[in-house]
Amino acid sequence: MNNQIKYLVIILMSCFFASPIAAQETLKENWDAQKIKGARHLPYPSYSGFPFLTDTWLPGKIEFSDGEIADSLFLRYSSYKDELVYFNQTNSAQILIDKASLKGFSFVDQNGISRMFRKQYFDGFIKGDRYFEVLADGETDLLAYRNVELTSTSPYKDESGTLKNMTYTNEYQFYFYSPENGYTLVRLNNNALLSKFKESDQKPIKKILRKSRVRVTGEESLIFAWKIIKKEGFKINF
Amino acid sequence: MKKITSILLLMIVVCISGYAQKESGPAIYTDRNTYVGGEILLAKIFVPETNSSRIIYLDLVNQFGTQITGASLEIRDKQANGYLQLPDSLSSGIYMVRTYQKHTARKIKALREIWISNRFDGLEKTSQINRIENLIPIGEKETNRIELEGFETKYPSNKPVTTNLKIAKTLLDSIDGDLLISVAQTNLSFDPGAFWVQNNQAAEGMIEKKGVIISGIVTDRKTSELAANITVYLTIPDSIPGFQYYRTQTDGRFYFLLDRYYGSVQAVVQCFGNTPDQRLKIKLDDFFAESGSAPKFRQEPISENFRNSVTQDIEAVTFQKVFGQRKSDLLPAPSVSLETYPYYGKASNTADPQLFIDLPNFTEISRELLPGVKFRNYNNEPSLQVLNNPMRNYFNEMPLLLIDGIPVRDLNLIKGMGTADIDRVDICQSERFYGDLQFPGVVAIYTTKADYSMLPESDQLIRLKLETIQEPAKLAEPILPEPTVPDLRQVLYWAPSAKPAETLPIAFSTSSVLGQYKLLVKGRLKDGTLIYTEKQFEVK
């Protein structure tokens, strides 16, 4: 009897699922998604240091300028050229995604931390669109421009024994940004951070930071300090 | 055992109720029931709750099921508004306005009978009228919870009319979406039906979730087999051309999504063989749903009243044409972000040959004006190469060559192009990628004519005019006629998306066309019930 019921259930299920299965068409995945536009990425000259933000391809997603998202891409941010490179598996090619076509991108780094980059117009020295990493967002954002410069250094020999005198150097820059007031550069120390506030606010902020045992010495402490200050309602004096 | 039986019964009930839910179809309303060829038909569609498509189709078919004209409309808040331009050449008779979604078109369509008269032969040759029978009528419920405040039964011609629509609070809360309010001349001797054509056994197709989808199939001309692994291109020529591609699978099918276009667009669908001797054939699927079997008709004699009314309609429309009175105005299409630069990338160089001395052919133009472009025509065998600027050498492969944004491979098409033929040339001197497509440099020629006449007709290339999402339209504001020119409007008010409120003011003016008119309010309740209220009045 139990078997009969089982058969009945199977027949019923197959009847009701048959039509949707028949209706499915053989379609390629993401056939209607926006296509990525770009040019072939050519390898950078080999010097000491590292021109990319991460040393491996990391899974991430990009946001096109119209807001459409493309995910499951292998991404790598070139700090040296401020460009985003993705690996196209079909063509086995490293492709430099056109900056004009993007609004931003994000990926999860080797430590499992999600990192979000946003394309913004920078009106300071060397004007133009730049990718900024959003360290903290809100009314005022804390942004990082992960810049790497090719600088000269004392001569050294690379792995193949060639004598070289250039190196990729991290020149990260941190900014407070608000759409109304623009950018203001902040350095990684307590005094630099305090100088971004009104004089009347500096003393209470100093007190809060001391109470919270925060001293700005690096990127993490800057983010932490800013979050505490923001929570107390202090505003950046642009 | 009892428990198992009751579970089974429950399953059956759930499944049956699921099917019952699928059966509810769209409902369609038109501004009038009788038209004259050349007029515009305004339509309002209520889309079923279970809908997930962005597009619904509206088309006109004759009694034999032949599709005459149609449009694809955008669904907003489970409703759609649109119009059809009725061709001038239609012969007098019964026609059907259909509405359906492509994915369920075989399963369910709603259709509404209308009468269309030919301006030139009227009803002289007609004594019988065909009426649809044996179809499921779309049920509507008349409500008395919508009232018209201070509405008269008679109004003089060419006078303003104002009234307030009062909706009971209890009804207001249960209305789903917007209301249709219309005031139009009515033909009392013709009461058309609205029906659903259903076939629950039919399979569903692809849902147009994002926009209009055009599809087709590629076959190999030699073997007549479905062609797999063929890249099919869709180009919408423009100053920044729209472009899509689809690589066919074993079923030979391709699909393109048109989600950012409104109105008519010129398009080119093409494909190239994977080998030089491979010949292919592209066939596009019908844009509108297949006609299916025509409904059954019964014949009714034409009444004298109907005949007189039709004659009056023809006169009104003829004079409207004479005096250039429009029925509807197009509204600006919703703004959509189209591409800001071409799919092949920003040009590394752009040349405008018109700014230089006249050059007779493309060899001369490339030599004199196009940096990094090598076009040679030795022994009548043209070749084209582009400089790969980052690598400082020329690509070995032929670059992507475009004429007005349309990819071409035959270099003979451009060899004769001189200064007079070319508006501008964009060059990309690097290896470009668009999705999975790889272009070893790009040469994009924009012609002065921009009429795509250079493209050779073939089985591998289809030039077509695509009717994408219809641009919204509204009833034209009456242009105050000169005292000697009569106002010949037969539709006095058309508000297809009136937001329900306890009091809705309605203001319109009567025209010079005398006769019986109807103020109609149509809507849908949250439980799917279609409701209406109507009030008849006479313009004297």
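The values are calculated or read from the model by the stated rules, or taken from the named source; none is laboratory data. In this text the structure is predicted, and so the values were computed from the model without any measurement. Quick reminder, even Gly has a Cβ in these numbers, built from the backbone with ideal geometry, and neighbours come from all protein chains shown. Side chains included, ligands, DNA and RNA excluded: accessible areas come from the protein's heavy atoms. Shrake-Rupley method; radii C 1.70, N 1.55, O 1.52, S 1.80 Å.
Those strands (runs of 3 or more DSSP E) of segment B:429-540 in which 2 or more residues are open to solvent by 60 Å² or more (accessible area, probe 1.4 Å) occupy B:461-467, B:503-509, B:530-539.
Residue count for segment B:451-461 satisfying the condition of being without any contact (Cβ under 8 Å) to a residue 12 or more places away in the chain and either touching a helix residue (DSSP H, G or I) at 6+ places or on another chain (Cβ under 6 Å) or over 17 Å from B:Leu411 (Cβ atoms) (or both): 3. For segment B:262-272, state whether one or more residues are more than 22 Å from A:Asp32 (Cβ to Cβ) and either assigned to a strand (DSSP E or B) or in the same structural domain as B:Ile94 (by TED's automatic domain parsing) (or both). Taking every residue of segment B:262-272 in turn, none turns out to be more than 22 Å from A:Asp32 (Cβ to Cβ) and either assigned to a strand (DSSP E or B) or in the same structural domain as B:Ile94 (by TED's automatic domain parsing) (or both). Just a yes or no: is a residue in segment B:303-322 open to solvent by 30 Å² or more (accessible area, probe 1.4 Å), outside any helix (DSSP H, G or I) and within 30 Å of B:Gln516 (Cβ to Cβ)? Yes, segment B:303-322 has at least one match. Screening A:Glu83 with (1) touching a helix residue (DSSP H, G or I) at 6+ places or on another chain (Cβ under 8 Å); (2) of a type outside the set (Gly, Ala, Ser); (3) farther than 18 Å from B:Tyr344 by Cα; (4) open to solvent by less than 10 Å² (accessible area, probe 1.4 Å) gives one miss only, at (4).
Do you know which of the residues in segment A:177-214 that are among the charged types (D, E, K, R) and closer than 19 Å to A:Ala144 by Cα is least open to solvent (accessible area, probe 1.4 Å)? First the steps, then the outcome.
Residues of segment A:177-214 among the charged types (D, E, K, R): A:180, A:187, A:196, A:198-199, A:201, A:203, A:206-207, A:210-211, A:213.
Now narrow it down to the ones that are closer than 19 Å to A:Ala144 by Cα: A:180, A:187, A:196.
Working: A:Glu180: 144, A:Arg187: 150, A:Lys196: 34 Å².
It comes out as A:Lys196.
The residue that is nearest to the other protein chains (Cβ to nearest Cβ), among those in segment B:404-438 that are more than 36 Å from the chain's Cα centre (by Cα) and small (Gly, Ala, Ser), is B:Ser430.
Against the conditions (1) under 18 Å from the mean Cα position of the chain (by Cα); (2) away from every other protein chain (no Cβ under 12 Å), B:Pro237 satisfies every one except (1).
Could you tell me whether segment B:225-241 includes any residue that is closer than 30 Å to B:Gly93 by Cα, of a type outside the set (A, V, I, L, M, F, W, C) and surrounded by fewer than 15 Cβ atoms within 10 Å (Cβ to Cβ)? Can you show your working first?
Within segment B:225-241, the subset closer than 30 Å to B:Gly93 by Cα is none.
No, segment B:225-241 has no match at all.
Among the residues of segment B:137-163, those that are out of contact with any helix residue (DSSP H, G or I) (no Cβ under 8 Å at 6 or more places or on another chain) and among the charged types (D, E, K, R) comprise B:Glu140, B:Lys141, B:Glu142, B:Glu147, B:Glu149, B:Glu152, B:Lys154, B:Lys159. For B:Phe195, the test of being open to solvent by 50 Å² or more (accessible area, probe 1.4 Å), under 32 Å from the mean Cα position of the chain (by Cα), within 23 Å of B:Leu60 (Cα to Cα) and not aliphatic (A, V, I, L, M) is failed.
A count restricted to segment B:242-267 and to residues that are within 14 Å of chain A (Cβ to nearest Cβ), open to solvent by 40 Å² or more (accessible area, probe 1.4 Å) and polar (S, T, N, Q) stands at 3. Taking the conditions (1) under 28 Å from B:Ser458 (Cα atoms); (2) exposed (fewer than 15 other Cβ atoms within 10 Å of the Cβ); (3) within 14 Å of chain A (Cβ to nearest Cβ) in turn, B:Ser383 satisfies each one other than (3). Select, from B:Thr529, B:Thr448, the only residue that is more than 30 Å from B:Met391 (Cα to Cα), touching a helix residue (DSSP H, G or I) at 6+ places or on another chain (Cβ under 8 Å) and in contact (Cβ under 8 Å) with a residue 12 or more places away in the chain. The match here is B:Thr448.
Determine whether B:Glu208 is surrounded by fewer than 22 Cβ atoms within 10 Å (Cβ to Cβ), not hydrophobic (A, V, I, L, M, F, W, C) and not assigned by TED's automatic domain parsing to the domain that holds B:Gly435. Steps first, please.
Values: surrounded by fewer than 22 Cβ atoms within 10 Å (Cβ to Cβ): no; not hydrophobic (A, V, I, L, M, F, W, C): yes; not assigned by TED's automatic domain parsing to the domain that holds B:Gly435: yes.
In short, no.
Quickly run through segment B:323-354 and pick out the residues that are within 20 Å of the chain's Cα centre (by Cα) and open to solvent by less than 50 Å² (accessible area, probe 1.4 Å). Matches in segment B:323-354: B:Lys327, B:Ser328, B:Asp329, B:Ala333, B:Pro334. Scanning segment B:355-369 for residues that are closer than 10 Å to B:Gly418 by Cα, out of contact with any strand residue (DSSP E or B) (no Cβ under 7 Å at 6 or more places or on another chain) and either among the aromatic types (Phe, Trp, Tyr) or surrounded by fewer than 19 Cβ atoms within 10 Å (Cβ to Cβ) (or both) yields B:Asp358, B:Pro360, B:Asn361, B:Glu364.
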